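Undergrad: What follows is a single structure, and I will ask about it in a moment.
The values are calculated or read from the model by the stated rules, or taken from the named source; none is laboratory data. Since this is a predicted model, take the numbers as computed values, not measurements. Here the Cβ positions follow ideal geometry from the backbone for every residue, glycine too, while neighbour counts run over all protein chains shown.
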């Protein structure tokens, strides 16, 4: 069983294939795990499409600067993520894969001084989203027992 952690989602993918540093997903699995649709023009979210890197003429889908990206009906999401400068971490024993956001994108968000939206419960269990308080100062206190 493969579990993909990306943004605010955790997706179990029982049919995903992993081997070494590679994670092979179908188009449906890519969409479920990341919210990005794998289309002929690349990975797309809404009107934004990121073209898949060219295989530089190799019929097997292998790119000269990185690992194989496409094999049949599967996309090597880990290789593509790394190639675009995004961090990937995995733990083989548990089958957990984490796909993060690169420092460049995080840095761009710091320019606005707006935290990304998130949701947390209060002490009574009622959920609150940060976006509910936009335009007002918010003080968030966190604590962990470990």
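Undergrad: Of the residues 54, 65, which single one is assigned to a loop (DSSP other than H, G, I, E, B), loosely packed, with under 10 Cβ neighbours inside 10 Å and at pLDDT below 80?
TA: 65
Undergrad: Also, I was wondering about something else. Write out, first by first residue and then by second, each pair whose Cβ atoms fall under 7 Å of each other, whose residues are 6+ apart or on separate chains, and whose first residue, in the stretch 119-146, is on the phi < 0 side of the Ramachandran plot and at pLDDT below 90 while the second is surrounded by 10 or more Cβ atoms within 10 Å (Cβ to Cβ) and part of a helix (DSSP H, G or I).
TA: Final answer for the pair search is 138/130.
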